[in-house]
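Below: one structure, written as structure tokens.
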């Protein structure tokens, strides 16, 4: 059972600016070294190591050793889900404090990030929300703020794409067989839901393998290729 002390401890860990910066940097699902995270957070490697040890001990991060290097990543999709919701709440709070000022653009000010980015292991941003809307309208998925489900039509659609729904867990995250298959994730720039869970991860991997999207190094933004623009327009009616 969750205790208020545990809640406060988790909030305090995330509330530190340096730790928040490092957690946000890991939201693209990749693993980074302490030195890389220190540079992103603007702190010394020694200070970063202390922060990372606390985050790992609290279960927010996991560490993988490869040779002499230690790579840090978010411990689970639930951690990414929590961070995405905190980002959404933070944006709403910022917008509320400026309600009488100029129109506030939700989410990242970078247009590329707003359009398409990674949210841990699935696609987020304007294009992800548009794809989700299209799949709902076509009867491929059913989505509520609390849960999601793939329909029979959706199963046939995935088969036609070349994705086997039964193998989504292994296809997207072989070590996370207990993950929810399909769930909504509140998009913090669009303020609407996109597809997450193993289905969201499997779709994201399919887009990558087909060459429809690319992941530039050092950013959460995702580039939609010309082939991807054509595919997304044909399959989902999404225009760039």
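The values are calculated or read from the model by the stated rules, or taken from the named source; none is laboratory data. What you are looking at is a predicted structure, and each value in this text was computed from that prediction instead of being measured. With ideal geometry, Cβ positions are generated from the backbone for all residues, glycine too; neighbour counts draw on all protein chains shown.
Of all residues in the stretch 212-240 being in contact with a strand residue (DSSP E or B) (Cβ under 6 Å, 6 or more places away or on another chain) and touching a residue at least 60 places away in the same chain (Cβ under 8 Å), which is nearest to residue 31 (Cα to Cα)?
220
Return the total of residues in the stretch 53-78 being touching a residue at least 24 places away in the same chain (Cβ under 8 Å) and under 29 Å from residue 194 (Cβ atoms). Lay out the reasoning, then the answer.
At the first step, the residues of the stretch 53-78 found to be touching a residue at least 24 places away in the same chain (Cβ under 8 Å) are 54-55, 58, 60-61, 64, 69-74, 76-77.
Now restrict to residues that are under 29 Å from residue 194 (Cβ atoms): 55, 58, 60-61, 64, 71-74, 76-77.
Summing the residues that are touching a residue at least 24 places away in the same chain (Cβ under 8 Å) and under 29 Å from residue 194 (Cβ atoms) in the stretch 53-78 gives 11.
Against the definition (farther than 26 Å from residue 114 by Cβ, in a loop (DSSP other than H, G, I, E, B) and at pLDDT 90 or above), how does residue 154 come out, yes or no? Reasoning before the result, please.
Working: farther than 26 Å from residue 114 by Cβ: yes; in a loop (DSSP other than H, G, I, E, B): no; at pLDDT 90 or above: yes.
For residue 154, the condition - farther than 26 Å from residue 114 by Cβ, in a loop (DSSP other than H, G, I, E, B) and at pLDDT 90 or above - is not met.
Can you find a residue in the stretch 44-51 that is free of Cβ contacts under 8 Å to residues at least 12 places away in the same chain, assigned to a helix (DSSP H, G or I), closer than 27 Å to residue 223 by Cα and not assigned by TED's automatic domain parsing to the domain that holds residue 188?
Of all residues in the stretch 44-51, those free of Cβ contacts under 8 Å to residues at least 12 places away in the same chain come to 44-46, 50.
Cutting the leftovers down to assigned to a helix (DSSP H, G or I) gives us 45-46, 50.
If we keep only those that are closer than 27 Å to residue 223 by Cα as well, we get none.
The answer is no, given that none of the residues of the stretch 44-51 is free of Cβ contacts under 8 Å to residues at least 12 places away in the same chain, assigned to a helix (DSSP H, G or I), closer than 27 Å to residue 223 by Cα and not assigned by TED's automatic domain parsing to the domain that holds residue 188.
Out of everything in the stretch 8-43 that is surrounded by 15 or more Cβ atoms within 10 Å (Cβ to Cβ) and not in a helix (DSSP H, G or I), what residue ends up being nearest to the chain's Cα centre (by Cα)?
Within the stretch 8-43, the match that is nearest to the chain's Cα centre (by Cα) is 29.
Check whether at least one residue in the stretch 27-40 is touching a helix residue (DSSP H, G or I) at 6+ places or on another chain (Cβ under 8 Å), closer than 23 Å to residue 6 by Cα and outside the structural domain of residue 117 (by TED's automatic domain parsing), and report yes or no.
Within the stretch 27-40 (the criterion being touching a helix residue (DSSP H, G or I) at 6+ places or on another chain (Cβ under 8 Å), closer than 23 Å to residue 6 by Cα and outside the structural domain of residue 117 (by TED's automatic domain parsing)), the answer is yes, since at least one residue qualifies.
Select from the stretch 135-149 the residues that are surrounded by 12 or more Cβ atoms within 10 Å (Cβ to Cβ) and free of Cβ contacts under 8 Å to residues at least 12 places away in the same chain and list them in ascending order. Walk me through how you get there before you give the answer.
Residues of the stretch 135-149 that are surrounded by 12 or more Cβ atoms within 10 Å (Cβ to Cβ), as a first pass: 135-136, 138-143, 147-149.
Answer for the stretch 135-149, where residues must be surrounded by 12 or more Cβ atoms within 10 Å (Cβ to Cβ) and free of Cβ contacts under 8 Å to residues at least 12 places away in the same chain: 136, 142.
Considering 51, 81, 69, which residue is out of contact with any strand residue (DSSP E or B) (no Cβ under 7 Å at 6 or more places or on another chain) and buried (at least 17 other Cβ atoms within 10 Å of the Cβ)?
Going through 51, 81, 69 in turn, the sole match is 51.
Evaluate the stretch 178-186: report whether one residue or more is at pLDDT 95 or above and either over 23 Å from residue 26 (Cβ atoms) or assigned to a helix (DSSP H, G or I) (or both). Even if it seems obvious, please write down each step before you answer.
Filtering the stretch 178-186 for residues at pLDDT 95 or above gives none.
For the stretch 178-186, residues at pLDDT 95 or above and either over 23 Å from residue 26 (Cβ atoms) or assigned to a helix (DSSP H, G or I) (or both): absent.
State yes or no: is residue 167 more than 20 Å from residue 236 (Cα to Cα) and modelled with pLDDT of 85 or more?
Working: more than 20 Å from residue 236 (Cα to Cα): yes; modelled with pLDDT of 85 or more: no.
No; evaluated as a whole, the condition is false for this residue.
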